[in-house]
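J.: Just dropping this structure here.
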Ligand SMILES: Cc1cc2nc3c(=O)[nH]c(=O)nc-3n(C[C@H](O)[C@H](O)[C@H](O)COP(=O)(O)OP(=O)(O)OC[C@H]3O[C@@H](n4cnc5c(N)ncnc54)[C@H](O)[C@@H]3O)c2cc1C
Ligand SMILES: Nc1ncnc2c1ncn2[C@@H]1O[C@H](COP(=O)(O)O)[C@@H](O)[C@H]1O
């Protein structure tokens with residue numbers, strides 16, 4: 001088995017997830033070559049083969065060009081499996097590569113099992129086992145699902161020439177908004193999810209946060225609905241936190257939320273659904289209507 | 001100007017899921033279905049663009065699936081889409097994203113759509129493949145995971161959401177496809193007058209066999225619950241007892257309560 005691993009740079013910096021790709025190949029027991037659109041000055045610490053195209057010419061985000069470059073490397077390497085991280089870069093580029101190769105694509109793989117790939121379904125509540133029917137397969141792996149390898153060594157670089165033109169113009173990055181609340185410093189975070197039902201009920205969650213001497217956090221729908229501001233959002237597109245105590249109120253436990261809080265020392269979840277995926281990371285899951293349980297807990301604490 | 005929106009009908013995610021008889025997808029008994037959350041943002045953005053351009057564009061909504069998907073189609077018509085295509089396929093759950101995308105592309109190919117809106121992913125499958133693959137089939141540019149969309153005179157300027165709150169801004173010319181992320185806009189609720197108006201709108205039915213020409217590239221071998229990690233304590237019962245147990249656990253296991 002031969003893999004071509006597609007790593008990522010952001011703003012000139014190699015992303016650590018690149019080492020998760022190597023960990024995944026290791027777990028498969030597969031031969032690995034790395035592909036990067038990046039720069040000589042920030043090479044990965046890795047002792048194998050590296051196909052490198054200069055980001056100075058190809059840009060860090062340019063799907064048309066990057067697709068062509070990946071296809072060039074595929075031609076040279078002839079891998080069985082082309083592996084991306086399931087990230088804003090990976091899920092954007094992988095289907096383009098798969099379509100060009102008419103290869104099966106499997107998205108957001110969490111495990112390798114029984115000759116297939118296991119992926120989540122139904123917002124993480126269920127799993128599917130998918131088997132590619134094509135000789136070559138394109139897969140994206142879930143961020144954090146595979147142990148990264150320890151960085152070490154220096155790669156044998158093969159440079160790729162940049163030629164294709166592009167129908168998509170990248171105008172630049174826009175930095176994250178300034179934060180009024182730094183959740184990363186909080187020892188206790190009490191987060192509101194969509195299960196709170198309406199904006200008025202934010203105060204119920206905020207009252208528990210206050211009683212525990214903590215900060216108010218939130219899942220994404222609560223932020224999208226503008227019930228609280230974005231600086232309270234926990235998750236891949238919000239903040240990553242690891243407080244001593246994290247309380248998730250009416251939060252189902254989608255992977256993008258878990259990624260931001262699963263390293264918390266102690267997780268208490270309140271959910272009316274006993275099967276909610278938050279139960280997979282919670283130390284304690286209280287099966288209850290949060291509008292009854294939370295005020296009762298707050299009252300006992302104050 | 002012509003706009004296409006692709007929507008999928010999915011089960012309510014708070015449901016309890018059980019494998020079907022074949023063990024490759026969920027059994028439909030006892031499930032309530034609704035429009036894929038991401039697709040609501042796609043419908044809303046298409047309707048807003050129509051309004052921005054003085055109602056001139058025609059917005060077509062397309063959904064592939066069994067007869068029940070007409071409910072989701074009707075909602076999008078009540079939100080402001082003009083007409084609909086129901087690609088009838090009782091076995092859509094057995095098709096892989098490659099086939100779904102090729103069905104949509106086969107329909108769109110000769111229609112001259114200037115813009116195609118899809119969700120970034122479906123909640124039940126979460127493959128995040130169909131939109132991009134449609135664009136690849138049609139040979140048009142595509143931007144994914146949009147949290148910002150602007151259109152002016154044949155040019156789309158899009159804000160893609162990256163990790164950690166960072167955004168990437170891209171520009172492309174129509175015809176183009178965009179995939180919509182949560183929070184792109186605030187999807188409207190259909191009003192009663194609009195629900196009544198929607199009843200008169202056309203829903204064309206096309207059997208899937210008329211549009212499907214490709215074999216699947218991947219097969220689903222099984223659909224099952226995740227292996228339970230266990231370890232966590234589950235507390236059920238009376239609220240007062242639950243509160244007492246939680247407080248004693250917090251005292252015992254965390255340094256937060258003194
Ligand atoms: C690229 C990408 C990035 C994302 N980034 C983030 C991110 O950074 N952070 C984030 O949070 N999400 C993120 N999401 C969204 C994520 O996938 C989920 O949609 C989201 O986390 C769901 O939020 P929720 O749990 O509050 O809502 P839901 O999934 O709707 O869950 C609500 C829960 O509340 C429970 N409930 C309902 N009523 C009650 C009640 N009365 N009492 C008790 N429980 C109740 C329900 O059982 C359910 O489990 C991202 C998605 C994508 C695709
Ligand atoms: N059966 C379907 N009918 C119409 N559109 C679909 C269908 N399945 C997926 N899509 C579209 O493709 C997007 C991505 O789906 P997926 O690749 O399954 O994550 C969805 O948000 C829809 O816009």
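The values are calculated or read from the model by the stated rules, or taken from the named source; none is laboratory data. Model, not experiment: these values are computed from the prediction. Virtual Cβ from ideal backbone geometry, glycine too; neighbours counted across all protein chains shown.
J.: Can you pull out every residue in region B:105-125 that is near ligand 2 (Cβ under 10 Å from one of its atoms) and within 13 Å of chain A (Cβ to nearest Cβ)?
T.: B:118, B:119, B:120, B:121, B:122, B:123, B:124, B:125
J.: Quick check, is residue B:77 modelled with pLDDT of 95 or more and either within 14 Å of another protein chain (Cβ to nearest Cβ) or near ligand 2 (Cβ under 8 Å from one of its atoms) (or both)?
T.: no
J.: Let me ask something else about it. Counting residues that are within 16 Å of ligand 1 (Cβ to nearest atom), which strands (runs of 3 or more DSSP E) fully inside region B:51-123 reach at least 1?
T.: In region B:51-123, B:115-119 are the strands (runs of 3 or more DSSP E) which contain 1 or more residues that are within 16 Å of ligand 1 (Cβ to nearest atom).
J.: State the number of residues belonging to region A:249-263 that are facing another protein chain (nearest Cβ under 10 Å), more than 16 Å from ligand 2 (Cβ to nearest atom) and in a loop (DSSP other than H, G, I, E, B).
T.: So the count comes out to 1.
J.: Can you confirm whether residue B:40 is within 14 Å of chain A (Cβ to nearest Cβ), within 21 Å of residue B:189 (Cα to Cα) and away from ligand 1 (no atom under 16 Å from the Cβ)?
T.: no
J.: Among all residue pairs at least 6 apart or on different chains, which show Cβ distances below 8 Å where the first residue, located in region A:201-225, is assigned by TED's automatic domain parsing to the domain that holds residue A:255 and the second is assigned to a helix (DSSP H, G or I) and within 16 Å of ligand 2 (Cβ to nearest atom)?
T.: A:220/A:256
J.: On to the next question. If I filter region B:229-243 down to residues being more than 8 Å from chain A (Cβ to nearest Cβ) and part of a loop (DSSP other than H, G, I, E, B), which single residue comes out as surrounded by the fewest Cβ atoms within 10 Å (Cβ to Cβ)?
T.: Residue satisfying both the conditions and the ranking: B:230.
J.: Could you pull out the residue among A:50, A:15 that is in the same structural domain as residue A:139 (by TED's automatic domain parsing) and within 21 Å of the chain's Cα centre (by Cα)?
T.: A:15
J.: Considering every residue within region B:209-226, establish whether at least one is under 18 Å from residue B:5 (Cα atoms) and touching a helix residue (DSSP H, G or I) at 6+ places or on another chain (Cβ under 9 Å).
T.: So far as region B:209-226 goes, yes, one or more of its residues are under 18 Å from residue B:5 (Cα atoms) and touching a helix residue (DSSP H, G or I) at 6+ places or on another chain (Cβ under 9 Å).
J.: Further question: Restricting to region B:1-16, name every residue that is in contact (Cβ under 8 Å) with a residue 12 or more places away in the chain and either in a strand (DSSP E or B) or within 14 Å of ligand 1 (Cβ to nearest atom) (or both).
T.: Matches in region B:1-16: B:2, B:3, B:4, B:5, B:6, B:9, B:10, B:11, B:12, B:13, B:15, B:16.
J.: Tell me which of these residue B:56 doesn't satisfy, since it passes every other one: (1) touching a strand residue (DSSP E or B) at 6+ places or on another chain (Cβ under 7 Å); (2) surrounded by fewer than 20 Cβ atoms within 10 Å (Cβ to Cβ).
T.: The failed condition is (1).
J.: Let me ask you something else. Anything in region A:48-78 that is outside any helix (DSSP H, G or I) and either away from chain B (no Cβ under 14 Å) or free of Cβ contacts under 8 Å to residues at least 60 places away in the same chain (or both)? List them, or say none.
T.: Listed by number, the residues that qualify are A:48, A:49, A:50, A:51, A:52, A:53, A:54, A:78.
J.: Out of the residues in region B:244-258 that are within 14 Å of residue A:296 (Cα to Cα) and touching a strand residue (DSSP E or B) at 6+ places or on another chain (Cβ under 9 Å), state the one that is surrounded by the most Cβ atoms within 10 Å (Cβ to Cβ).
T.: Restricting to residues being within 14 Å of residue A:296 (Cα to Cα) and touching a strand residue (DSSP E or B) at 6+ places or on another chain (Cβ under 9 Å), the top hit is B:246.
J.: Can you pull out every residue in region B:126-168 that is in a helix (DSSP H, G or I) and more than 10 Å from chain A (Cβ to nearest Cβ)?
T.: The one that is in a helix (DSSP H, G or I) and more than 10 Å from chain A (Cβ to nearest Cβ): B:138.
Listed here are the residues, each with its yes/no results for (1) surrounded by 11 or more Cβ atoms within 10 Å (Cβ to Cβ); (2) in a loop (DSSP other than H, G, I, E, B); (3) within 23 Å of the chain's Cα centre (by Cα); (4) assigned by TED's automatic domain parsing to the domain that holds residue B:246.
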position: B:170; (1), (2), (3), (4): yes, no, yes, no
position: B:182; (1), (2), (3), (4): yes, yes, yes, no
position: B:186; (1), (2), (3), (4): yes, yes, yes, no
position: B:193; (1), (2), (3), (4): no, no, no, no
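J.: Could I ask something else about it? Would you mention how many residues in region B:227-242 are over 18 Å from residue A:283 (Cα atoms) and out of contact with any helix residue (DSSP H, G or I) (no Cβ under 6 Å at 6 or more places or on another chain)?
T.: So the count comes out to 2.
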